[in-house]
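The structure under discussion is supplied below as structure tokens; questions concerning it will follow.
Nothing in this text is a laboratory measurement; each read-out follows from the coordinates by a stated rule. Since the structure is predicted, the reported quantities are computational estimates derived from the model, not experimental observations. No Cβ is skipped: glycine too gets one built from the backbone with ideal geometry, and neighbour counts run over all protein chains shown.
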Amino acid sequence: MLAEHMTWVEYQEAVKKIVILPLGAFEQHGPHLPLNVDVVIPSRLAECAAEQLEGMVLPAINYGYKSQPTSGGGPLFPGTTSLDGETLIHLILDILRDTYRHGGRKFLLLNGHYENMAFATEAVDLFLREAKDARLVILAWWDIVSEKLVKEIWAEAGFPGWDTEHASIAETSLMLYFTPEHVRVDKIVDDQSERTPPYAIFPPPADIVPKSGVLYKATYASQAKGEMLAKEITESIVRIVRQELA
Ligand SMILES: [Zn+2]
């Protein structure tokens, strides 16, 4: 199901089915998670869903739009490397255009980085001006987690909202489930910014970003929570794709 492992002969058949493009980022995720969390999570979810959908997963976009202080820690952490909006739009658009040229018509853009959404939407809008018979779904994995599961997983810690959940319970749990060997379990911390203003400040003042880069309580993460999240999200992706792209 991974396009990168296919020959062109296999690809030319697979491209006619569901094509999944994971959208990631290269961004700090606290002292305990690697910089590619936003690539790993949508890529692994894409693989799980593609298995059931007989879909094809394209190589992920490994960089994303600029990390914002109150949803990703912002640009000042070492490593966080981001794209201009225009670059990201054209990167996605070029991939969609060429995949369409090869016969791709049904696309799922599976996002793993909060800040990518508007740029993915713009790329799809521009794409549809030419590709009149293409159909696409854009979804961010956290948006399809059910309220019931949110209540269960955040029962002890309390749910702070998805933007603040950066490098915290959901992402740490999913990484413990998908690639435990990349989680520094002895470095997991709870943290919080001194304040979270409901507006953006440029350049960002230090007190709106926690020093660790963890925006909430990562110590409440577990592999079991990661498994619950992964299973529910995969089921939802499969259901949504069958419903909207059948
Ligand atoms: Zn993330």
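Considering the range 1-35 alone, what residues qualify as being within 16 Å of the ligand (Cβ to nearest atom) and either within 10 Å of the chain's Cα centre (by Cα) or assigned to a helix (DSSP H, G or I) (or both)?
22, 23, 24, 25
Just checking, does the range 39-59 include any residue being assigned to a loop (DSSP other than H, G, I, E, B) and small (Gly, Ala, Ser)?
yes
Is it the case that residue 200 is over 16 Å from the mean Cα position of the chain (by Cα) and either small (Gly, Ala, Ser) or assigned to a helix (DSSP H, G or I) (or both)?
Against the criterion (over 16 Å from the mean Cα position of the chain (by Cα) and either small (Gly, Ala, Ser) or assigned to a helix (DSSP H, G or I) (or both)), residue 200 qualifies.
Return the residues of the range 49-65 that are out of contact with any Lys or Arg (no Cβ under 8 Å at 6 or more places or on another chain) and surrounded by 18 or more Cβ atoms within 10 Å (Cβ to Cβ); say none if nothing qualifies.
The answer is 49, 50, 57, 58, 60, 61, 63, 64, 65.
Across the range 66-91, which residue is surrounded by the most Cβ atoms within 10 Å (Cβ to Cβ) among those that are part of a helix (DSSP H, G or I) and free of Cβ contacts under 8 Å to residues at least 40 places away in the same chain?
Filtering the range 66-91 for residues that are part of a helix (DSSP H, G or I) and free of Cβ contacts under 8 Å to residues at least 40 places away in the same chain, the one surrounded by the most Cβ atoms within 10 Å (Cβ to Cβ) comes out as 88.
How many residues are of a type in the set (Gly, Ala, Ser) and outside any loop (DSSP other than H, G, I, E, B) when one looks only at the range 203-212?
1
Among what's in the range 36-51 and is in contact with a Phe, Trp or Tyr (Cβ under 7 Å, 6 or more places away or on another chain) and in contact (Cβ under 8 Å) with a residue 40 or more places away in the chain, pick the residue that is nearest to the ligand (Cβ to nearest atom).
Selected residue: 41.
Cβ-Cβ under 7 Å, sequence separation 6+ or interchain: first residue in the range 167-185 and aliphatic (A, V, I, L, M), partner outside any helix (DSSP H, G or I) and surrounded by fewer than 21 Cβ atoms within 10 Å (Cβ to Cβ). Which pairs?
Pairs found: 169/154; 169/157; 176/222.
For residues in the range 121-143 being within 16 Å of the ligand (Cβ to nearest atom) and part of a helix (DSSP H, G or I), which is surrounded by the most Cβ atoms within 10 Å (Cβ to Cβ)?
The selected residue is 141.
Additional query: Within the range 92-120, which residues are more than 28 Å from residue 172 (Cβ to Cβ), part of a helix (DSSP H, G or I) and in contact with a strand residue (DSSP E or B) (Cβ under 9 Å, 6 or more places away or on another chain)?
Hits for the range 92-120 are 95, 96, 99, 100.
Return yes when residue 165 is assigned to a loop (DSSP other than H, G, I, E, B) and within 16 Å of the ligand (Cβ to nearest atom) and no when it is not.
The answer is yes for residue 165.
Looking only at residues that are surrounded by 15 or more Cβ atoms within 10 Å (Cβ to Cβ) and without any contact (Cβ under 8 Å) to a residue 60 or more places away in the chain in the range 107-120, which one is nearest to the ligand (Cβ to nearest atom)?
Across the range 107-120, the extreme among qualifying residues is 114.
Could you please give the count of residues in the range 52-106 that are basic (Lys, Arg) and within 16 Å of the ligand (Cβ to nearest atom)?
Count: 1.
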